[in-house]
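No lab work stands behind these numbers, since they all come straight from the coordinates. Bear in mind the structure is a predicted one, so any value in this text is a computation, not a measurement. Here Cβ is always computed from backbone atoms with ideal geometry, including for glycine, and neighbour counts include all displayed protein chains.
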6 protein chains.
Amino acid sequence: MNKLVTEFNEYRSKMNEKILDADNLIMKRLFNLDTNTYAEGALSVKTKEMLGLVASMVLRCDDCIKYHLQKCKECQLTTTEVFEVFAIANMVGGSIVIPHTRRAVEFWEALNE
Amino acid sequence: MNKLVTEFNEYRSKMNEKILDADNLIMKRLFNLDTNTYAEGALSVKTKEMLGLVASMVLRCDDCIKYHLQKCKECQLTTTEVFEVFAIANMVGGSIVIPHTRRAVEFWEALNE
Amino acid sequence: MNKLVTEFNEYRSKMNEKILDADNLIMKRLFNLDTNTYAEGALSVKTKEMLGLVASMVLRCDDCIKYHLQKCKECQLTTTEVFEVFAIANMVGGSIVIPHTRRAVEFWEALNE
Amino acid sequence: MNKLVTEFNEYRSKMNEKILDADNLIMKRLFNLDTNTYAEGALSVKTKEMLGLVASMVLRCDDCIKYHLQKCKECQLTTTEVFEVFAIANMVGGSIVIPHTRRAVEFWEALNE
Amino acid sequence: MNKLVTEFNEYRSKMNEKILDADNLIMKRLFNLDTNTYAEGALSVKTKEMLGLVASMVLRCDDCIKYHLQKCKECQLTTTEVFEVFAIANMVGGSIVIPHTRRAVEFWEALNE
Amino acid sequence: MNKLVTEFNEYRSKMNEKILDADNLIMKRLFNLDTNTYAEGALSVKTKEMLGLVASMVLRCDDCIKYHLQKCKECQLTTTEVFEVFAIANMVGGSIVIPHTRRAVEFWEALNE
């Protein structure tokens, strides 16, 4: 797998583990809840992951964007669909979202290699 | 129709007209682009409106939330689906999204009267 | 009790109930977690409420500010202490926090009537 | 003068006085610094007020927008110029700035009555 | 030209091209509109670029800051003027803008080498 | 001392000096005020530093987080206490705070080496 992707995932896993190891109950429950939020429900996992992606983009969180892009890839989102999510994020959030879109495109390409 | 809804729509229409009347080309094109962003594409209008809703919630824009809730209603989103969008918005954006969720629920009820 | 305070609390309670009634598991758990976050721990309730207050101020959420001001009042924070929290919020968050500080002062006065 | 304008100014003055009366040194200095920031320098007052306006718009602070619109009016900004500031704010900050632009236009009209 | 500047511009150009190549009409129009927003109008290009800079600073977008600093340089803004823009950004946006100001100063120096 | 810590402090000191050297009076006073804000008052330095930390986290400013973590370390905050601050920040600010928490944990470890 692409280096950009593996490095992101390795750091994320390593640090998440350290957070959980600290044994703060609120943090542990938030992590657990975060996972459950994107589970199949009335809305499909695919729809929920797109919702997570667009929310991450307008809030301009690169790591959150990368995480949800991976999940979108697992849900077999097409590049055309991903760009429609990008378009909404850029329209709602304005031109300050553009630099994050650049990095998102780079990561999306890495996921598709 | 419910007073909360009509007052919102009337003020919105009246002021949008004034903005367009000012004849600033950038503002006019942005308004036009904003409409086009949510048109049917690779993603359905329903999906796009949910994306607009979740983005508005995490950015905590009450008027944007109201606008997209109306569109979601037109797309026949169920209350269960709307709450799944709310859940993602609250998980991603945190407890500061709660007050906006309260007002969103009030508006959603008004739309369903 | 002051009208500003009772109206805030009544709307908040009424709408929170509606949110919980919708029976979305994520929302219910988030509400529960939110309450637990401010429970006595290594840090006192008083310290945690000040942390909640300053976070609400820099994120400019008037309703969150009101909620934490009430809790701070219950923890017997003095007006001098409250203003030191305001000062940090204004320093970190900038002059856009000033209008929220105005409304916070009004609510703090209402709580002290 | 228009009611929208006088009510805004009266509440602002009354609450600013209360904040200053609390005698928190940091708050007093921040207020003082805030005034000095917009004084004539290498950049004109007019330019600085436009900078204050666009910053307030992208940060979506209605009260800050109103304050700077008044100052822009005093600096004899034309409606065409004001809308060019609005256009930049909406382009940079995205469609979530639109509802604030509606209220800004309403206040600008009130100032021009 | 300075390495900090060339690397920024190369990555920006490369990724912008990829975004445009994806052929999403909304993204293409937004990019086009973004360019037009800063064209000479009732306000000069110099004024508009300062407006873009201050908006980027309070929204804390390092890449947007770099882009507008380059444009400000082309408009022959002096260092004294640039710092007056920085001062407004820091006053409005608070101390969280300071780290971005550090990087802005570094980039401004690179542009002036 | 750990490389992560020294590099952060060196860049911060070097650039702060350049900002002060530019001799913009507003910037100098803001820097001065920023220091005074965290001085012992009705609230202890330790409490104020926790307030600065939580504000930096919800506003997602990594450099501000690092700065306040150092100060918290000097105030002898325990890891358990630091995680309670993290928990409030994540609850109030949502899952977008998680990536910043990862980097905060890494820096906290570096400070404790």
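Which condition number in (1) under 17 Å from the mean Cα position of the chain (by Cα); (2) more than 30 Å from A:LEU30 (Cα to Cα) is the one that B:ALA104 fails?
(2)
When both residues are 6+ apart or on different chains and their Cβ atoms are under 6 Å apart, which pairs have a first residue that lies in region C:91-109 and is of a type in the set (Gly, Ala, Ser), and a second that is part of a helix (DSSP H, G or I)?
C:GLY93/C:VAL58; C:GLY94/E:VAL92; C:GLY94/E:GLY93; C:SER95/D:ASP34; C:SER95/E:MET91; C:SER95/E:VAL92; C:ALA104/C:ILE65
Taking the condition more than 27 Å from A:VAL92 (Cβ to Cβ), touching an Asp or Glu at 6+ places or on another chain (Cβ under 9 Å) and not small (Gly, Ala, Ser), does D:LEU51 pass? It would help to see each step written out before you state the result.
Numbers: more than 27 Å from A:VAL92 (Cβ to Cβ): no; touching an Asp or Glu at 6+ places or on another chain (Cβ under 9 Å): yes; not small (Gly, Ala, Ser): yes.
The answer is no for D:LEU51.
Given the conditions (1) within 14 Å of chain E (Cβ to nearest Cβ); (2) over 30 Å from D:SER13 (Cβ atoms), and given that C:PRO99 satisfies all but one, which numbered condition is not satisfied?
Checking C:PRO99 against (1) within 14 Å of chain E (Cβ to nearest Cβ); (2) over 30 Å from D:SER13 (Cβ atoms), the one that fails is (2).
Give the residues of region D:64-73 that are buried (at least 19 other Cβ atoms within 10 Å of the Cβ) and under 15 Å from E:MET91 (Cβ atoms), sorted by residue number.
Matches in region D:64-73: D:CYS64, D:TYR67, D:HIS68.
Give the number of residues within region D:28-43 that are surrounded by 13 or more Cβ atoms within 10 Å (Cβ to Cβ) and either at positive phi or of a type in the set (Ser, Thr, Tyr) (or both).
Qualifying residue count for the region: 2.
Cβ contacts < 6 Å: first residue more than 7 Å from every other protein chain (Cβ to nearest Cβ) and more than 13 Å from D:LEU51 (Cα to Cα), restricted to region E:64-90; second residue assigned to a helix (DSSP H, G or I) and charged (D, E, K, R), any location; separation 6+ or different chain. Result?
E:HIS68/E:GLU49; E:LYS71/E:GLU49; E:CYS72/E:GLU49; E:CYS75/E:LYS46; E:CYS75/E:GLU49
Scan region E:50-63 for residues that are buried (at least 22 other Cβ atoms within 10 Å of the Cβ) and either under 18 Å from E:GLU109 (Cα atoms) or in contact with a Leu (Cβ under 6 Å, 6 or more places away or on another chain) (or both) and jot them down. First the steps, then the outcome.
Of all residues in region E:50-63, those buried (at least 22 other Cβ atoms within 10 Å of the Cβ) come to E:50-59, E:61.
Those that are buried (at least 22 other Cβ atoms within 10 Å of the Cβ) and either under 18 Å from E:GLU109 (Cα atoms) or in contact with a Leu (Cβ under 6 Å, 6 or more places away or on another chain) (or both): E:MET50, E:LEU53, E:VAL54, E:MET57, E:VAL58.
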